[in-house]
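K.L.:
The structure under discussion is supplied below as structure tokens; questions concerning it will follow.
The values are calculated or read from the model by the stated rules, or taken from the named source; none is laboratory data. Note that the coordinates shown come from a computational prediction; the quantities given were computed from them, not determined experimentally. Glycine gets a Cβ as well: all are built from the backbone with ideal geometry, and neighbour counts include every protein chain shown. Just the protein is used for accessible areas: all its heavy atoms, side chains included, with ligands, DNA and RNA removed. Shrake-Rupley method; radii C 1.70, N 1.55, O 1.52, S 1.80 Å.
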Protein chains: 2
Amino acid sequence: MKLVPEKVGAWLLGTGPDSEFVISTRVRFARNLAEVPFSPRMKPADGELVVETVRWALADSGYLNQGQLFTDGMLSEPDGFYFVERHLASPDFITQKNRKGLYVSDDETISLMVNEEDHIRFQALASGFDFATAFSKASALDEKLEGQLSYAFSPELGFLTACPTNVGTAMRASVLLHLPALVLTREIEKVLRGAYAIGLLVRGIYGEGSETRGNLFQVSNRKTLGQSEAEIIEVLTSTCRQIIDYEHKARQFLMHNLRVEVEDKVFRSLGLLRGARIISSEEATNLLATVRLGVALGIINELKIAEVSQLLVLVRPANLQAILGEKMDAAERDERRATFIRQKLVR
Amino acid sequence: MKLVPEKVGAWLLGTGPDSEFVISTRVRFARNLAEVPFSPRMKPADGELVVETVRWALADSGYLNQGQLFTDGMLSEPDGFYFVERHLASPDFITQKNRKGLYVSDDETISLMVNEEDHIRFQALASGFDFATAFSKASALDEKLEGQLSYAFSPELGFLTACPTNVGTAMRASVLLHLPALVLTREIEKVLRGAYAIGLLVRGIYGEGSETRGNLFQVSNRKTLGQSEAEIIEVLTSTCRQIIDYEHKARQFLMHNLRVEVEDKVFRSLGLLRGARIISSEEATNLLATVRLGVALGIINELKIAEVSQLLVLVRPANLQAILGEKMDAAERDERRATFIRQKLVR
């Protein structure tokens with residue numbers, strides 16, 4: 001299997017709209033084949049049939065020419081986590097090994113899991129705050145596959161899924177937001193409660209609950225039934241736009257009222273990243289996120305926001321291992337991570 | 001009153017023996033005038049007499065040509081603490097204002113307090129581990145003054161002092177040691193207990209008890225009675241030589257066994273000092289002390305040990321205030337301190 005670890009996905013290039021506030025936008029569809037039992041009742045032969053059917057559909061629709069399909073035995077567990085860290089697969093999918101398939105497009109904007117909870121789950125990722133791109137890419141793949149596969153679909157309910165919470169559009173749309181100023185001003189709870197109240201799900205990524213590392217938050221729809229895809233995206237768009245406005249105001253507040261304190265936090269983080277000889281993934285994530293804020297606020301001019309966003313992915317354990325090309329334990333990795341970060345941040 | 005805050009004392013030039021381990025060596029004598037009541041029974045006129053008598057003796061012996069005598073009204077309290085931070089006066093002396101005198105030689109190696117606990121207390125400071133220099137300078141002043149003043153002296157007891165703990169030689173000799181490796185390897189307690197057991201006093205400077213900021217320790221004699229000056233200095237010399245050897249071994253141990261961990265600590269400290277926009281005196285002291293270790297170990301090559309030792313004094317509140325030339329509150333000072341340190345550490 002060939003990974004190109006130093007090359008990050010196109011969705012991480014920091015070129016999308018509102019990149020100061022939004023890392024990426026994602027649209028994911030769940031689909032199941034009409035003639036095959038759903039995952040809880042699936043026999044081994046059923047699983048193999050799904051993998052082969054999807055392989056055929058991806059080949060026929062041209063997607064295999066612009067990406068790779070990894071099937072059983074092609075991905076070691078570390079390689080699998082490499083894709084998890086790149087937001088292209090789910091952790092559960094990687095640890096359950098049999099009759100799986102993972103398609104990843106060359107630019108890493110499209111990925112598809114075969115035999116995760118549903119027969120097929122695929123997503124499109126776009127850089128920045130950009131549902132138009134993410135939705136149209138995911139829909140394009142959906143249409144291609146729909147032309148070749150027969151989906152389990154109910155005229156009343158919509159798409160049928162292994163878990164009832166996904167029935168209907170079977171669509172999960174999400175935005176990955178960087179909200180350090182709302183965290184610093186302690187307004188984040190209020191904002192997140194507001195989003196939840198209108199039917200959205202908000203969670204910190206990298207660590208559950210209150211320990212939201214790096215101040216990165218994912219906002220997604222909770223409901224898939226009773227709303228059209230367009231309605232779901234409309235609600236997410238307007239809500240995230242509002243959250244971005246709040247974050248923008250909080251950043252302005254910080255710059256006007258606590259500028260030195262913010263500069264202190266930002267340059268201390270940069271100083272630690274440049275000084276450390278041993279650094280954990282968790283600490284690196286937090287420090288890089290603070291540096292990302294500094295770049296977004298114009299406090300740090302020598303770095304680009306995309307570089308920092310990319311480092312947030314590259315410093316994670318499986319990606320770092322892939323870059324360095326050797327198997328190592330956590331202690332060695334913490335040393336090599338520090339060296340890697342230092343080299344990337346030298347100016 | 002004229003302070004030259006950016007110019008540090010000759011004893012801080014880092015030129016003395018064993019400067020990697022020892023900041024400075026000090027010899028202090030307490031003396032009282034035979035015809036004047038000691039401080040607990042002294043009347044205002046007595047105090048004035050002592051000040052004038054000492055002024056005359058310093059002038060006549062030539063010391064006033066190579067230093068300044070500050071008397072009541074010449075030193076504000078902040079200026080007084082400027083000298084305390086430079087190890088040239090005691091804090092109690094500065095806060096008790098009337099009928100005081102403070103003589104400081106131009107190179108800040110000699111200082112003399114009039115009407116502290118005793119009528120006269122004077123000291124000589126030498127750079128590094130150097131009792132020969134400190135003792136001979138203090139003795140030279142002692143002889144000059146002795147020629148002009150009549151000291152309270154008992155043939156059986158020796159020099160008489162306001163507090164019985166100083167009677168005898170009335171000499172306090174001390175070494176200011178930087179012992180970061182013994183602290184890191186947790187051997188410091190054992191070493192300090194050993195020193196105490198043979199009659200020496202060991203205390204962390206900058207903060208009492210367990211909170212020894214900057215890993216700086218002062219070792220001094222507890223007894224002044226029953227031992228000659230030479231004997232006291234001999235015990236201190238051999239004990240400190242042994243402590244230096246322990247510290248040296250501990251540093252070698254760290255470099256052989258925990259090199260990356262030490263480098264991590266050292267370069268993180270340097271990164272924070274170069275990054276911070278707000279920094280307290282306490283944090284700066286701790287970080288600078290770690291950087292000093294890095295320089296001593298050859299981990300940091302771009303700085304000199306003397307620069308770092310000097311910064312340890314210059315970043316303290318009253319010295320910083322004197323350098324910047326304006327009265328400011330603690331919050332402003334923490335900002336200006338960060339800027340000052342950054343400028344000094346730029347390479």
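K.L.:
Pairs of alpha-carbon atoms within less than 8 angstrom and 6+ residues apart define the contacts here; what relative contact order does chain B have, in percent?
P.N.:
20 percent
K.L.:
With the cut-off at 1.5 for a/c, could you classify the protein assembly as shown from its C-alpha gyration tensor as rounded, prolate or oblate?
P.N.:
prolate
K.L.:
In addition: With respect to the axis carrying A onto B, what is the closest chain A residue by Cβ position, and how many angstrom separate it from the axis?
P.N.:
Residue plus distance in Å, as requested: A:G271, 2.
K.L.:
Ignoring ligands, DNA and RNA, please state the percent of accessible area on segment B:14-114 from carbon and sulfur, probe 1.4 Å.
P.N.:
50 percent
K.L.:
Just to be sure I understand: with springs between alpha-carbon atoms less than 10 Å apart, which residue in B:L88, B:L112, B:L324 has the highest mean-square fluctuation in the Gaussian network model of chain B?
P.N.:
B:L324
K.L.:
To continue, here is another question. Per DSSP H run of n ≥ 4, the term is -39500 (n - 2.57); total these for chain A, divide by its residue number, and report the mean residue ellipticity at 222 nm rounded to 500 deg cm²/dmol.
P.N.:
Taken over chain A, the calculation gives -14500 deg cm²/dmol.
K.L.:
Run the dipole for chain B about the Cα centre, Lys and Arg Cβ at +1, Asp and Glu Cβ at -1, nothing else charged, and hand back the magnitude in debye, nearest 20.
P.N.:
That gives chain B a dipole magnitude of about 780 debye.
K.L.:
In whole angstrom, note down how far apart the Cα centers of segment A:51-126 and segment B:313-347 are.
P.N.:
57 Å
K.L.:
Quote to one decimal, in nm, the extra length available between A:E261 and A:S61 on full extension: 0.36 nm per residue of separation minus the C-alpha distance between them.
P.N.:
66.6 nm
K.L.:
Solvent-accessible area per residue for segment B:279-322 at a 1.4 Å probe radius, Å²?
P.N.:
That works out to 26 Å² for each residue.
K.L.:
Kindly provide log₁₀ I(q)/I(0) values, in the same order as q = 0.15, 0.16, 0.18 Å⁻¹, from the Debye equation applied to equal alpha-carbon scatterers of segment B:10-251.
P.N.:
Debye curve over Cα of segment B:10-251, log10 I(q)/I(0) at q = 0.15, 0.16, 0.18 Å⁻¹: -1.05, -1.18, -1.42.
K.L.:
So, one more: Take the Cβ-Cβ distance between B:E35 and B:R186 as r, set R0 to 45 Å, and report the resulting FRET efficiency rounded to the nearest 0.05.
P.N.:
E(calc), rounded to 0.05, equals 0.25.
K.L.:
Can you list, shortest first and in nm, the gaps between the label point of B:G199 and those of its counterparts in the other copies, using a point 7 Å from Cα in the C-beta direction?
P.N.:
Spelled out, the distances from B:G199's label point are 8.8 nm.
K.L.:
List, in the order given, every pair from A:K144/A:K223; B:K43/B:K327; A:K43/A:K137; A:K265/A:K304; B:K97/B:K327 whose Cα-Cα distance in the structure shown is over 28 Å. Mind showing how you got there, number by number?
P.N.:
Working: A:K144/A:K223 25 Å; B:K43/B:K327 35 Å; A:K43/A:K137 32 Å; A:K265/A:K304 18 Å; B:K97/B:K327 21 Å.
Long pairs (Cα-Cα over 28 Å): B:K43/B:K327; A:K43/A:K137.
K.L.:
Using +1 at the C-beta of Lys and Arg and -1 at the C-beta of Asp and Glu, which of A:Q96, A:S139, A:F159 has the Cα lying farthest in the positive direction of the dipole of segment A:91-160?
P.N.:
So the residue we want is A:Q96.
K.L.:
Output the direction-averaged projected area (hull surface divided by four) of the convex hull of the alpha-carbon atoms of segment A:1-80, in nm². Walk me through the numbers on the way to the answer.
P.N.:
Details: hull surface 31.9 nm².
Approximately 8.0 nm², given one-decimal rounding.
K.L.:
Another question, if that's okay. Give the Rg (one decimal place) followed by the Dmax (whole number) of segment B:258-345, computed from C-alpha coordinates and expressed in Å.
P.N.:
Cα radius of gyration and Dmax of segment B:258-345 are 13.0, 44 Å respectively.
K.L.:
Turning to a different aspect of this structure: What dipole magnitude, in Debye to the nearest 20, does the protein assembly as shown give about its Cα centre under +1 on Lys/Arg Cβ and -1 on Asp/Glu Cβ?
P.N.:
Computed about the Cα centre, the dipole is about 140 debye.
K.L.:
Then there is this: Please compute, for peptide A:331-342, the average count of beta-carbon atoms on other protein chains lying within 10 Å of each residue's beta-carbon. Can you show the working numbers first?
P.N.:
Working: counts 1, 0, 0, 2, 4, 0, 0, 5, 0, 0, 0, 1.
Per-residue shielding by partner chains comes out at 1.
K.L.:
Report the accessible area of B:K97, computed with a 1.4 Å probe over the heavy atoms of all protein chains in place, in Å² rounded to the nearest 10.
P.N.:
For B:K97, the solvent-accessible surface is approximately 110 Å².
K.L.:
Pop the C-beta distance of B:E6 and B:L201 into the FRET formula with R0 = 25 Å and round what comes out to the nearest 0.05.
P.N.:
On the way: r = 33 Å, r/R0 = 1.32.
Once the sixth-power term is evaluated, E becomes 0.15.
K.L.:
Can I ask one more? DSSP loop (so not H, G, I, E, B), at most 15 other Cβ within 10 Å: list which GluC sites (Glu not before Pro) in segment A:131-233 pass both filters.
P.N.:
A:E156, A:E208, A:E211
K.L.:
Let me ask something else. Measure nothing fancy, just the Cα-based angle from helix A:259-275's long axis to the longest principal axis of chain A, in degrees from 0 to 90, nearest 10.
P.N.:
The angle comes out at about 70 degrees.
K.L.:
Any idea what angle helix A:281-296 forms with the longest principal axis of chain A, computed on alpha-carbon atoms, 0 to 90 degrees, nearest 10?
P.N.:
Rounded to the nearest ten degrees, it is 70.
K.L.:
May I pose another question? When ligands, DNA and RNA are left out and all protein chains stay put, how many square angstrom of accessible area per residue does segment A:170-273 have with a 1.4 Å probe?
P.N.:
Per-residue value: 47 Å².
K.L.:
Using protein heavy atoms only (no ligands, DNA or RNA), what is the total accessible area buried between A and B, 1.4 Å probe, nearest 100 Å²?
P.N.:
Result for this pair: about 1400 Å² buried.
K.L.:
Another question, then. Can you send over the solvent-accessible area of A:H256, 1.4 Å probe, protein chains only, in Å² to the nearest 10?
P.N.:
For A:H256, the solvent-accessible surface is approximately 150 Å².
K.L.:
Oh, and also: Let me confirm one metric for peptide B:266-274, namely the mean number of other chain beta-carbon atoms within 10 Å of its residues' beta-carbons.
P.N.:
If you average over the peptide's residues, the count of other-chain Cβ atoms is 6.
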